[in-house]
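The values are calculated or read from the model by the stated rules, or taken from the named source; none is laboratory data. This structure is a prediction, so every number in the text was calculated from the model and none was measured. Cβ placement follows ideal geometry from the backbone for every residue including glycine, while neighbour counts extend to all protein chains displayed. SASA here: full protein model, heavy atoms, side chains in, ligands and nucleic acids out. Shrake-Rupley method; radii C 1.70, N 1.55, O 1.52, S 1.80 Å.
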Amino acid sequence: MRQSEPDRHIGALTRRDALVAAAGVASAAMLAPGPGLAAARPIPFGSAAQIETFRADPRYRQALTSYCDVIVPMNDLKWEAIRHDRSRFDFSGADELVAFAERSGKSLRGHALLWGEALPPWAKEISTRAEAERELVQHIETVVDRYKGRIATWDVVNEVIKFEPLPGEPMRDTIWQRLLGPAHVEIAFRTAARIDPKARLVLNDFNFEEPGPGPAARRKIALDLCRRLKDKGIPVHGIGLQAHLYADKPLDIDGLQGFMVELGKLDLDVEITELDVIDWKLPADTATRDRAAASLVGTFLDAIVSVRRPKAIVTWGLSDRYSWVHETFPRKDGARARPLPLDADFRPKPMMAVLDRYRRSQS
Ligand code: G3I
């Protein structure tokens, strides 16, 4: 896929980095959102959707309908939701969200065929290589076949890279890694491709964007895993950057842009799959937090778009009323987190104006 933006924009980002240095702030996030880039062609925008909230809150359904080109069932395609017991599959939640997306003319991302978390108790008891391979293959065959031609893109594997990789230890310690070794990645991709050869297959993970040896190693491991799949003729189409951004941490712009260049060399797409901003260390003032979050999202997306056009930009929810961030990253002052583009009353925040630059036609 060709690079979508001329190199001149990288100069703009370098100027912004220089401003960051001159202003002595932790990151561009502390600067007011600049004019930023605009995508020449609209980039499909979407959100994860929680079935419980979808059923309960009409404003949530309306927001998904109004803002989204893409819908991702947040939890309803995970093993925990589908496989209450080994002998049956419960697709009720996923079917409802898939039907909503289809009747609304929205595309779908599936999340996630293999993850080391959100497993039902029986799956955590799998104890041999043969059993692990049998259960993994049967799960992927059944799930991908059900939504063949309907779910266009799958997070085939989610978070298989070790958080802080060690030399010789690139992979996260999960039941799949323990029983199958790194081959669990190949088994998952090979199976998904066999069942739905037209689906786009993605390796999804987090923290590719921060400075330091850890994120740099994670970027390299992600590329190595995809390169190994390609070398074996196993279809892989892209890497998903979850992009749970920390407002109090800098971005490694050079690292991100180098990652985008390497993705291009491997003819791999990039997708932003779970974008939100963790603002727990920011001052309480909501206008300050919203401005910083919007600026961080703009700087992050500018860095990506200036080198490689994402296939989609997906936020991990739409409204601050419903986000994992509040419980997982509680603020000391008890104030609610403000991680998403709409506030708790579904009013657009500065972050939505930044996202509009990418999701709307610029003509
Ligand atoms: O559906 C059950 C419900 O029946 C039960 O009464 C309730 C209380 O036990 O639990 C409900 O399931 C919860 C599920 O969300 C649906 O609400 C699970 O306990 C809870 O663990 C699950 O949390 C999700 C988490 O992934 C684990 O699957 C979060 O909502 C979701 O935002 C989070 O998303 C992950 C991505 O999948 C991967 N990247 C990181 C991201 C944030 O952690």
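Restricting attention to the range 153-169, which residues are open to solvent by 50 Å² or more (accessible area, probe 1.4 Å), aliphatic (A, V, I, L, M) and outside any strand (DSSP E or B)?
Listed by number, the list is empty, since nothing qualifies.
Can you tell me which residues in the range 45-84 are of a type in the set (Ser, Thr, Tyr) and within 10 Å of the ligand (Cβ to nearest atom)?
The answer is Thr53, and nothing else.
Of everything in the range 327-348, what is under 22 Å from Gly298 (Cα atoms) and outside any loop (DSSP other than H, G, I, E, B)? Give them in sequence order.
Once the filter is applied, which keeps residues that are under 22 Å from Gly298 (Cα atoms) and outside any loop (DSSP other than H, G, I, E, B), the range 327-348 yields Leu342, Pro348.
State all residues of the range 116-142 that are open to solvent by 70 Å² or more (accessible area, probe 1.4 Å), touching a residue at least 24 places away in the same chain (Cβ under 8 Å) and within 16 Å of the ligand (Cβ to nearest atom); if no residue qualifies, say none.
Glu117, Lys124, listed by residue number.
Looking at (1) outside any helix (DSSP H, G or I); (2) surrounded by 21 or more Cβ atoms within 10 Å (Cβ to Cβ), find the lone condition where Arg150 falls short.
Evaluating Arg150 over (1) outside any helix (DSSP H, G or I); (2) surrounded by 21 or more Cβ atoms within 10 Å (Cβ to Cβ) leaves (2) as the failure.
What pairs can you find where one residue is in the range 173-186 and closer than 14 Å to Glu117 by Cα, the other is in a helix (DSSP H, G or I) and open to solvent by 10 Å² or more (accessible area, probe 1.4 Å), and their Cβ atoms are less than 8 Å apart, with a gap of 6+ or different chains?
Ile175/Lys124
Every residue, every condition in (1) under 24 Å from Ala48 (Cα atoms); (2) open to solvent by less than 10 Å² (accessible area, probe 1.4 Å), yes or no:
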| site | (1), (2) |
| --- | --- |
| Val261 | no, no |
| Gly264 | no, no |
| Val270 | yes, yes |
| Thr273 | yes, yes |
| Asp276 | yes, yes |
| Leu282 | no, no |
| Asp290 | yes, no |
| Leu296 | yes, yes |
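Taking only pairs six or more apart or across chains, which ones have beta-carbon atoms under 9 Å, a first residue in the range 58-81 that is open to solvent by less than 10 Å² (accessible area, probe 1.4 Å) and in a strand (DSSP E or B), and a second residue that is among the polar types (S, T, N, Q) and within 10 Å of the ligand (Cβ to nearest atom)?
Cβ pairs passing all conditions: Val72/Thr273; Pro73/Gln50.
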